[in-house]
1. Considering only segment 153-187, how many residues are polar (S, T, N, Q) and either open to solvent by 60 Å² or more (accessible area, probe 1.4 Å) or at pLDDT 90 or above (or both)?
2. Count, please, the residues in segment 10-60 that happen to be surrounded by fewer than 19 Cβ atoms within 10 Å (Cβ to Cβ), assigned to a helix (DSSP H, G or I) and not charged (D, E, K, R).
3. Would you confirm whether any residue within segment 108-129 is free of Cβ contacts under 8 Å to residues at least 12 places away in the same chain and either part of a loop (DSSP other than H, G, I, E, B) or of a type in the set (Gly, Ala, Ser) (or both)?
4. Give just the number: which of (1) at pLDDT 80 or above; (2) over 16 Å from VAL137 (Cβ atoms) does LEU53 not satisfy?
5. For ALA121, work out the one condition from (1) surrounded by fewer than 12 Cβ atoms within 10 Å (Cβ to Cβ); (2) modelled with pLDDT under 85; (3) within 29 Å of GLU45 (Cα to Cα); (4) of a type in the set (Gly, Ala, Ser) it doesn't fulfil.
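The values are calculated or read from the model by the stated rules, or taken from the named source; none is laboratory data. Here the structure is a predicted model, which means the values were calculated and not measured. Here Cβ is always computed from backbone atoms with ideal geometry, including for glycine, and neighbour counts include all displayed protein chains. Ligands, DNA and RNA are excluded from the accessible area calculation, which covers all protein heavy atoms including side chains. Shrake-Rupley method; radii C 1.70, N 1.55, O 1.52, S 1.80 Å.
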Amino acid sequence: VEEMSRFQVREMKMIAPKGPYLLLGRCMGGIVAYEMALQLQAEGEEVAFLGILDTQSPPRLEPRDARYYVTEAVKRVIHYTRQGELLNATVGRYLHKSRRRRSDNESERILQRVMDTHARARKHYIPVKFFEGTLLVFKNKEASLDAQQQWSRLATQGLEYLETSGDHETMLEEPYIHEFVRELTAAIDACLGRGG
């Protein structure tokens, strides 16, 4: 994660050598945007806006032990059992992943390798400090608030929430993208102290 973020910061600075910087990341990109903000602040740069879009659980603050994995497994069993979908969800996820790994489609295999790499990077990422500012969390209506509330430990001035329409796959597609752009524009304007 740190290496990906350093690369992104370098690329961004080729276009905009000085801040204030506005950062937004979706899913795994939310983790990268968070680390980018930390790196920029460590360089004395201003990060005027940091938003994460549908990035579920935050980076952890300490290495995970066996107790963490047992607790997470129990939470998932309870969640899916309540919805009566435990078997379907588990089997469906397994079949989806194994189909991708065995796929004859080269682009699907490449995408799976990228996703696996991201999962490994995220698993090992522990931030060395906290974001000095307010973190804006864009949350889709389907997602649990519990995991996203854990982000509050990683931002010195707390969290603000904005709820978006659609789910993880559709929130940036028609017709939901228009609502998201309106919300994002208003949030950036508020951060920069501009009126609507």
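1. First, the residues of segment 153-187 that are polar (S, T, N, Q): 156-157, 164-165, 170, 185.
Of the ones still in play, those that are also either open to solvent by 60 Å² or more (accessible area, probe 1.4 Å) or at pLDDT 90 or above (or both) are 156-157, 185.
Residues meeting the conditions: 3.
2. So the count comes out to 6.
3. Yes: one or more hits.
4. (2)
5. Single failed check for ALA121: (1).
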